[in-house]
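Here is the structure we will look at.
Coordinate-derived values only; no laboratory data. Please read all numbers here as calculations on a predicted model, not as lab measurements. Using ideal geometry, Cβ is built from the backbone for each residue, glycine included, and neighbour counts are taken over all protein chains shown.
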Amino acid sequence: MNLTVHTQPSYEIIIESGCLSQIGTRAKALLPAAERAVLVTDTNVAPLYVETVRCALEAAGFRTSVSVFPAGEQSKNLASISSLYTAFAEAELTRTDFAVALGGGVCGDMTGFAAATWLRGIPFIQLPTTLLSQVDSSVGGKTGVDLPEGKNLVGAFHQPALVLIDPETLTTLPAAYFADGMGEVIKYGCIRDKALFDRLAAEDCRGWLSEMIYTCVDIKRQVVERDEHDTGERAVLNFGHTLGHALERVQHYGGLSHGKAVGIGMLLITQIGEKAGLTEAGTAEKIAVVLQKYGLPTTCAETLEVLLPATAHDKKSSGSSVNLIFLKNIGTSFIRKVPRAELPALCGVQP
Ligand code: NAD
Ligand code: MG
């Protein structure tokens, strides 16, 4: 299954079992002037898939070097970017050469940022190997790293030259990370696609994985095409994220994982929407059932009294207001700019 994302520049997304091994021929066709590639991956993914990808690149004639970083979010920092620049320099990457990100969202965000800034921008190819990176982070061109002061504070928009999604790589992904990605999958159903949501509720997604990934990527594609630089509509992708991020923050990023926190965030904002008459009654309950089905929690110890102050740091805030994403019902979402002062009343808590 193929999709084309019409951004500046446009690029193809291929979703196909075994497509990792096509990287060489596809890169050759896409980047005919390229001679060298740096393949970036982490310590978990390297032993699983590096050889397939490296062999495919070398068979197509690219001089390929591999740069491996320690797996995990704690690697997503400027020190790692510095190491990538060293790897690019040693490989003598020129403007016509390219980088390849083989791994999850951490690898894609870092490799993309290094590629966006090396020689003021070289092409990079995404080979996402987690469910989250396949349905979300590998598409849309957001790249960057964390600072001690906060997540994703430094970054650039840099669209990939190509995205190859091989659903077979998910067979080695630990269940907890698969569930994490399902948080974002359920999000797409909630904001845009009732049919996707209903199918997730009715059938086990493992039976139609490629189709599920395709549906999610296609929704992200449409949203990104209409708002490439995240100044408007792209905010709907943040459904569940304002309170989800707040939850991750109050737990000092050592508690619930992102997908789990977003699941609870989706539930909380939908319960708030129902109470405020913005969301059809019974919507939160439907979301709770699907979250549970895919191993995501539906409750947390933290109350809204604790979470609301922590939303002040949300990236989607604009000064004295916060952009909240509500559902009208399953499949229909809208953005509402709420003045901070009105937030407690809307959420039914004491200011
Ligand atoms: P991750 O990259 O850390 O991968 C999760 C874990 O799975 C890691 O331990 C990794 O080594 C392992 N792994 C990856 N693929 C595997 C496979 N096929 N088999 C076995 N193990 C495998 O995390 P993630 O959840 O993929 O991504 C999270 C990151 O993505 C965060 O930094 C987040 O900020 C970012 N993100 C970016 C965007 C964007 O638009 N750029 C969107 C959403 C999230
Ligand atoms: Mg997310």
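Some notes on this structure:
- Footprinting exposure proxy for 250, 223, 139, 163 (fewest neighbouring C-beta atoms within 10 Å first): 250, 223, 163, 139
- Qualifying aspartates and glutamates (Cα of each under 17 Å from Cα of residue 220; at least 8 residues distant if same chain): 12, 109, 136, 184, 193, 211, 228, 230, 233
- Along each principal axis, Cα extent of the stretch 1-98, largest first, Å: 35, 30, 28
- For the stretch 2-172, the Cα gyration tensor yields ellipsoid semi-axes of 21, 18, 16 Å (square root of five times each eigenvalue, largest first, whole Å).
- Top positive-direction residue, dipole computed over the stretch 2-172 with Cβ charges, set 57, 79, 158: 158
- The loop-placed trypsin sites (Lys or Arg not before Pro) in the stretch 89-182, going by DSSP, that have at most 15 neighbouring Cβ atoms within 10 Å of their Cβ come out as 95.
- Take every DSSP beta bridge whose two residues both sit in the chain; close to 45 percent of them are antiparallel.
- Under 19 Å from the Cα of residue 151 - lysines, other chains or at least 8 residues apart: 76, 142, 260, 315, 316
- Between the helical axis of 46-59 and the longest alpha-carbon principal axis of the chain there is an angle of about 50 degrees.
- Between residue 55 and residue 320, the distance separating the two model label sites (each 7 Å from Cα on the Cα→Cβ line) works out to 6.4 nm.
- Straight-distance crosslink candidates among lysines, where the alpha carbon sits under 16 Å from residue 286 and sequence neighbours closer than 8 are dropped: 187, 194, 275, 328
- Structural descriptor for the chain: relative contact order 14 percent, calculated from alpha carbon pairs under 8 angstrom and at least 6 residues apart.
- Computed from the Cβ-Cβ distance with R0 of 30 Å, the FRET efficiency linking residue 153 to residue 293 stands at 0.30.
- Full extension of the chain between residue 1 and residue 95 gives 30.8 nm of extra length, using 0.36 nm per residue less the Cα-Cα distance.
- Across the stretch 181-331, counting alpha-carbon atoms alone, Rg and Dmax equal 14.8, 46 Å.
- Loop trypsin sites (Lys or Arg not before Pro), the stretch 179-244 (other Cβ atoms within 10 Å of the site Cβ: 12 or fewer; DSSP): none
- Shown here for the stretch 142-218: GluC sites (Glu not before Pro) in loop regions (DSSP other than H, G, I, E, B) with at most 14 other Cβ atoms within 10 Å, namely 149, 203.
- Nearest 10 degrees, 0 to 90: helix 241-250 Cα axis against the chain principal axis: 90 degrees
- Cα gyration tensor shape of the stretch 115-273, rounded if a/c is under 1.5, else prolate or oblate by comparing a/b with b/c: rounded
- Rounded to 10°, Cα long-axis angle of helix 105-117 versus longest principal axis of the chain: 60 degrees
- All distinct Cα pairs of the chain go into the 1/r average, and the inverse of that average, the Kirkwood radius, is 20.6 Å.
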